[in-house]
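Let me begin by presenting the structure, written as structure tokens, before commenting on it.
The values are calculated or read from the model by the stated rules, or taken from the named source; none is laboratory data. Source: prediction; values computed, not measured. Note that each Cβ is placed from the backbone with ideal geometry, even for glycine, and that neighbours are counted across all protein chains shown.
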């Protein structure tokens, strides 16, 4: 029995749906990082006020809450923005091309931490933590999930995977658009706009977790076909 378990652990797995989720949101969070970087560059070759900054300066704000808070260890807006964009590009390449390697999830996490430290935005920390957790399952057998989720539930959830991923992506992109431009159709009250932004971001985050669980079910179902 022990030898059988060991052979299963050594068996190579490729959980495609989990990988797609990681790649999609790696790109989405990188786009957010590049947006932060762009507005930081627009503030010019000037010294930052401290570790906590506003990626969008007063001269470039589209609405009253459109500051985009960020953290940076680089005391210069221009350099911060350039490094944020460069790091975001590396994350995109890594998310799309190299997530099948053994230590890829940990390298992805380190890249996201770097992005956090160079002005890529503070709000995405919760997202990339969840992404990293599920990314560590890309090459794993998913035995625990296979046991706790019934066969019928796996089949049902697997069918919802792409829809959940798409819905989550749209909601997060919508929240990013509001954060920058403050635009919500037919709504002018900035407090309500801010509430819509937070609701969209929160809903997108919840759906992302469900999309990962649904993706796990999709991988388990595909494996048995």
Every residue from the range 133-148 that is more than 14 Å from residue 14 (Cβ to Cβ), in contact (Cβ under 8 Å) with a residue 60 or more places away in the chain and either surrounded by fewer than 19 Cβ atoms within 10 Å (Cβ to Cβ) or in contact with a strand residue (DSSP E or B) (Cβ under 6 Å, 6 or more places away or on another chain) (or both): 143, 145, 146
Residue in the range 154-168 that is exposed (fewer than 13 other Cβ atoms within 10 Å of the Cβ), modelled with pLDDT of 95 or more and either within 23 Å of residue 200 (Cβ to Cβ) or touching a strand residue (DSSP E or B) at 6+ places or on another chain (Cβ under 6 Å) (or both) present: yes
Matching residues, the range 1-42, being at pLDDT below 95 and within 22 Å of residue 71 (Cβ to Cβ): none
Number of the condition not met by residue 106 [criteria: (1) assigned to a helix (DSSP H, G or I); (2) at pLDDT below 95]: (2)
Members of the range 26-56 that are farther than 14 Å from residue 121 by Cβ and either touching a helix residue (DSSP H, G or I) at 6+ places or on another chain (Cβ under 7 Å) or assigned to a helix (DSSP H, G or I) (or both): 26, 27, 41, 42, 43, 44, 45, 46, 48
Filtered residues of the range 159-188 (kept if assigned to a loop (DSSP other than H, G, I, E, B) and touching a helix residue (DSSP H, G or I) at 6+ places or on another chain (Cβ under 9 Å)): 160, 182, 183
Any hit, the range 118-130, residues being over 15 Å from the mean Cα position of the chain (by Cα) and closer than 13 Å to residue 213 by Cα: no
Some residue of the range 110-121 being surrounded by fewer than 17 Cβ atoms within 10 Å (Cβ to Cβ), touching a residue at least 40 places away in the same chain (Cβ under 8 Å) and either assigned to a helix (DSSP H, G or I) or in contact with a helix residue (DSSP H, G or I) (Cβ under 6 Å, 6 or more places away or on another chain) (or both): no
Some residue of the range 81-97 being out of contact with any strand residue (DSSP E or B) (no Cβ under 9 Å at 6 or more places or on another chain), part of a loop (DSSP other than H, G, I, E, B) and free of Cβ contacts under 8 Å to residues at least 60 places away in the same chain: no
Condition met for residue 138 (within 17 Å of the chain's Cα centre (by Cα) and assigned to a loop (DSSP other than H, G, I, E, B)): yes
Output for the range 81-91, where each listed residue is surrounded by fewer than 19 Cβ atoms within 10 Å (Cβ to Cβ) and under 19 Å from the mean Cα position of the chain (by Cα): 86, 89, 90
Of residues in the range 57-80 being outside any helix (DSSP H, G or I) and touching a strand residue (DSSP E or B) at 6+ places or on another chain (Cβ under 8 Å), the one surrounded by the most Cβ atoms within 10 Å (Cβ to Cβ): 70
Test: residue 169 is within 12 Å of the chain's Cα centre (by Cα) and under 20 Å from residue 68 (Cβ atoms): yes
